[in-house]
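Some notes on the structure that comes next.
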Amino acid sequence: MGDVENAPDETSAMLPKKTEKGGIEAPRVESREIANLRLWWGASYANAMGVCGIVLVALGSTLSSLAADCGTSATRVGTVFIARGAGAVTGALSSARLYSPPRPGNLVMVFVLLALAGVLLYMPFVKDVWVLHVTWFLLGMCTATLDTGCQIMTRKVHGVHAGPWLGANTVCFAIAGALVPLIELITGQLFAQYATLATIAVLNAAALYAAPAPETPAIRDQLPPRVVLAAKTASTSRHPKYSLELIFGATVFWLIGGKVDTTSYITTYVKTTGIISNHDASLSLLLLWVMITVGRLLGLHDQIALKKQTKRNVFVHLTAWLLTGTFGMLLCTLFPARSWAFWAGVSLYGLGNGPCVGYVYDLVNRMTVQSEMGMSIVMFGLNFGASLIPYLTTVVWDFSPLGPESLVWVTLLSMAIPMPLLLLSAVVGNVWEKDSPSLAVPATVAKTVI
């Protein structure tokens, strides 16, 4: 990376200034047209993330019905998560190339959304186990490509302002996920649920298709500056390239894995253990996602407040949320036969887990250079965790003395393990030694200095 101080003089006025609290702000006066376009894109990407949330929760919550249609049970067909994981790996690893310029990122997302809608419409008609695995592979590939694209494009169009927008994406993910149990309760029919999800995907594809492409030169040159690491920091780093992305990817691996795990098997856990009445099994899933949504809304509000503060404060707040979720699962492990502990544990877990991924995305935006490959690495961890953790839970559930309690223990680990990973990322990113903000330069200048 070249020295930013050697950039042309005419660009110096465009560089952001440090705030009194160590944050950064972009001095560029944005035109109303670009502001409106960023709002349009931001809403479209958030809605696309909502589609991913809907699909993720729907697959977990309807797994028992899908398995029954194929003549088997949810725990015996747990290998569908491996199929989904293989698709997610394929989608995440191919995203870096798919979303690289000059290919229009929005157009890629349109095609993915339409393909996703087609697979969703076919889901209620699956009657064979092997076909079920194929559809889960395709859904994993589509959702991984889509949510990775959402985060890549969000960072591309919002630049230094991307932190709260990345958080907003996760909020829409949670809100959409919370709607799935409601759709299930209202419709009661598998086809109606998946037809609704497919319709939402098609509508979002239409909104993205109508939006102008941010890669257009006339638009791209007016976008906010993006975060770029200071030259000295980048050139003297002792750690391999993408070290932080790998650590953050491992963090979201556990966070999303525990969430998908709980979503997929909480109703089965209730019916197996009898900790609450079977009638309340669907209510427990609804409570989980309502609390996840509440947590993400509170987290988004906090992220906006942290926008001009140091990275250290983001780490502290994220740790507090992790401790909240960990305490909730500890209640379930300490009082496994008490219904009050189950309700309190699920509530605190959802509240604590909800905002965590949004904070991680904020740290990714603050501490790493915006690149398609870097974001693909992070999203690979997220999608791989969403597949591997639920599958491992079924193995422990079926072949260990823990039985259904394995769900509680795996979920507990999914909240506890990210804390040492965050500490590692702080060490690699030199957060405690020198918590200075990343240097942001205009996108047009960044090409010449990187």
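The values are calculated or read from the model by the stated rules, or taken from the named source; none is laboratory data. Because the structure is a prediction, the values reported are computed rather than measured. A quick note on method: Cβ atoms are made from the backbone with ideal geometry, for glycine too, and the neighbour counts reach across all protein chains shown. Protein only, heavy atoms only, side chains kept; ligands, DNA and RNA dropped before computing areas. Shrake-Rupley method; radii C 1.70, N 1.55, O 1.52, S 1.80 Å.
Report P(r) for the chain: all Cα-Cα distances, bin width 10 Å, range 0 to the bin holding the largest distance, values in whole percent.
5, 22, 32, 24, 12, 4, 1, 0
Taking only protein heavy atoms and a 1.4 Å probe, what accessible area per residue, in Å², does the chain have with all protein chains in place?
So the chain comes to 40 Å² accessible per residue, rounded to a whole number.
If you take the charge dipole of the chain about its Cα centre, with +1 on Lys and Arg Cβ and -1 on Asp and Glu Cβ, which of Phe335, Val396, Gly385 is farthest toward its positive end?
The listed residue farthest towards the positive side: Gly385.
Where in the chain are the DSSP H helices whose alpha-carbon span along the long axis reaches 24 Å or more and whose Kyte-Doolittle mean is at least -0.5?
Passing helices, by number: 32-61, 80-98, 105-122, 129-158, 162-187, 190-210, 243-273, 281-305, 311-334, 372-399.
Would you kindly state how much longer the chain becomes between Lys308 and Tyr122 on full extension, computed as 0.36 nm times their sequence separation minus their alpha carbon distance, in nm to one decimal?
Residue separation times 0.36 nm, minus the Cα-Cα distance, leaves 62.3 nm.
Extension gain Met419-Ser94, at 0.36 nm per residue separation less the Cα-Cα distance, in nm?
Taking Met419 through Ser94 to full extension adds about 114.1 nm, to one decimal.
Please give the peptides 145-154, 362-371, 202-211, 298-307 ranked by average Cβ packing (other Cβ atoms within 10 Å per residue), highest first, as a rough proxy for protection.
Highest-to-lowest ranking by the protection proxy: 145-154, 362-371, 298-307, 202-211.
So for the pair Leu334, Arg32, with labels modelled 7 Å out along Cα→Cβ, what separation do we get in nm?
5.7
Can you pull the percent of region 317-404's accessible area that's carbon plus sulfur, 1.4 Å probe, other chains left in place?
Roughly 76 percent of what the probe reaches on region 317-404 is carbon or sulfur.
Take Leu182 and Thr272, extend 7 Å from each Cα along the Cα→Cβ direction, and tell me the distance between the two endpoints in nm.
If labels sit at Leu182 and Thr272, their model points lie 3.0 nm apart.
In whole angstrom, how far apart do the alpha carbon centroids of region 166-201 and region 71-114 sit?
18
For the chain, what does the helix formula give at 222 nm: sum of -39500 (n - 2.57) over DSSP H segments with n ≥ 4, over the residue count, nearest 500 deg cm²/dmol?
After summing the helix terms and dividing by the residues of the chain, the value is -24500 deg cm²/dmol.
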